[in-house]
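Quick notes on the structure that follows.
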Amino acid sequence: MQITFTDPAPAYARLIAHLANKDDLPPRLERSLVDGAAAARFKGNPGQLFEGFVERDGQVVRIALAGAGDGDATGDNRAEGLEKAGAALAAKYLTSGETDLVLDLSGSGVDAKGAAAVLLGLRLRAWRHDAYRTRMKDEQKKTLGNVTVINSPSGAEAAWADAAAVAEGVEFTRELVAEPANKIYPVSFVERCQQRFEGTGAELVVLDEPAMEMLGMGALLGVGQGSEQPSRLLAIKWMGGNAGDAPVAFVGKGVTFDTGGISLKPGPGMWDMKWDMGGAGAVAGAMLALVKRKAKANIIGVVGLVENMPDGKAQRPGDIVTSMSGQTIEVLNTDAEGRLVLCDALTWTQREFSPSLIVDLATLTGAMIISLGHEHGGMFANDDDLANDLAEAGASVGDKLWRMPLGAAYDKLIDSPISDMKNIGPREAGSITAAQFLKRFIENDTPWAHLDIAGMVWADKPGRTWDKGATGYGVRLLDRFIRNTLGG
Ligand code: BES
Ligand code: MN
Ligand code: ZN
């Protein structure tokens, strides 16, 4: 999607979009549009769309009115309405046959940030993964390629440049998540990151299996040992802040496919487990956003990449592994593998980078979806300030979080009679015992939050700025969290 800012309107404009605030049509509209909108009960609600055809200067033009909601709303509430207006335009015209859309912001009252919000909604909603669709009918193909913004408020172009970096990050996450597991496996995940971060100023560090063996990462390696695909640990370093400031660390679960291992999952629906690297995808995309907008902060993204397969070499239920921390784990269920990957990634992150705080993201438990559905990610934290900062950032951008409890009584449920802990608890509170497991690997009370995003990375219906499929959840959340807390 090419987005350009010009004035006046290009002569070829055939499709022109105006924003309409709630109960407030833009000024100087033709009567047919005013009456038509009223007849269609168009109110300017967020995401509502009305279109009509009018004659201007002897030419028939297609006019879209995109509802942006309350024009008096401010801040993130206003941005939400504006994003939805942009998203509605993308959804309507992406495959419409129209190639160009002129977005006329005159009379809309939006400022530079508001203009960027419309464009962010438009661009994110227009994303699709068409790489493997070779037989698309014309009416299925993307046609809308250019958006020209006219009568934009001053500063809109700069505001968009900043938002476009975030869009790039969200799109990268979606790409990684949407790709099937024969295309994205640990090594190819690393390669895609190497391509994307080339020349950006970020530094990538990759650990292969011998390197991880040397470090004693028996938990992570145990998960990957049944796969033909070798495991990897990847760190993406961006030191855009003050030299010497401890970095913030984001850590992602990157199980590129989760069959369950010897504790094999049932066949139906197993295909969903191609997106069991959604946490790693969110970390990689968030890092790309932060790097592309040159965030003034020190941030490290670490992803543990493995494929969980059943095999003659696979680990067995009951096996005991030693993690990098030295703690031993009885692997009672090989399908509770995400925590085994994360625990070594967490230990390495702390030993290597001494971060000021850690946020991990993982599609960790099916139980999380039972608890919160697809509306909120679950958040577990040992620090109230961190939890509040994350919840606030998430609410602002629409990547919502809901805090869940931790506690000693839950922790007890993963004690093992033969080792330091087991990797599963009882059926109840499955998301909480998973979080308690991770908490055992946090050293020196480092502020830490675990985001269980199992219900958020994939959608079976369109949402605020996404179609069904990969949502890119987490990228905007982490980006906003850094803006709010480090100002960078
Ligand atoms: N990747 C799954 C969790 C998951 C399930 C995410 C469905 C998204 C949709 C995870 O590795 C897993 O299998 N967890 C088990 C844990 C159990 C064995 C304690 C689960 O949730 O059933
Ligand atoms: Mn699993
Ligand atoms: Zn998993």
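Annotations
- For the pair residue 370 and residue 388, the difference between a 0.36 nm per residue extended length and the Cα-Cα distance amounts to 4.1 nm.
- Peptide packing: for 276-282, 130-136, 160-166, the average count of neighbouring Cβ atoms within 10 Å per residue gives the ranking 276-282, 160-166, 130-136, highest mean first.
- Around the Cα centre of the chain, unit charges on the Cβ atoms of Lys, Arg, Asp and Glu (plus for the first two, minus for the last two) sum to a dipole of about 980 debye.
- Coarse-grained scattering of the stretch 165-486 at q = 0.07, 0.16 Å⁻¹, given as base-10 log I(q)/I(0) from a Debye sum over alpha-carbon atoms: -0.23, -1.38
- Summed side-chain charge close to residue 140 - residues other than residue 140 whose Cβ falls under 12 Å, Lys, Arg +1, Asp, Glu -1: +3
- Neighbour net charge for residue 7 - beta-carbon separation under 13 angstrom, K R +1, D E -1: -2
- 22 Å Cα-Cα reach of residue 422 towards lysines, excluding residues that sit fewer than 8 places from it in its own chain: 253, 265, 313, 412, 439
- Cβ crowding within 10 Å averaged over residues, with 211-220, 457-466, 429-438 ranked highest first: 429-438, 211-220, 457-466
- Over the chain, Cα pairs under 8 Å with separation of 6+ residues give a relative contact order of 14 percent.
- Distance violations [Cα-Cα > 23 Å] among 22/468; 113/461; 237/292: 22/468; 113/461
- Positive minus negative residues near residue 438 (Lys, Arg vs Asp, Glu; Cβ under 15 Å): -4
- Set of aspartates and glutamates near residue 142 by C-alpha distance (under 14 Å), chain-local residues within fewer than 8 positions excluded: 98, 100, 130, 467
- Computed [θ] at 222 nm, helices only, for the chain once each DSSP H run of length n ≥ 4 contributes -39500 (n - 2.57): -11000 deg cm²/dmol
- Computed E for residue 327/residue 409 - FRET, C-beta separation, R0 22 angstrom, nearest 0.05: 0.65
- Of the peptides 101-109, 53-61, the order by per-residue mean of other Cβ atoms within 10 Å, starting with the highest, comes out as 101-109, 53-61.
Read the figures in this text as sums done on the coordinates, not as results from a lab. The structure presented is a predicted model; accordingly, all values stated were derived computationally and were not measured. When we count neighbours, we look across all protein chains shown, and the Cβ atoms used for this are built from the backbone with ideal geometry, even at glycine.
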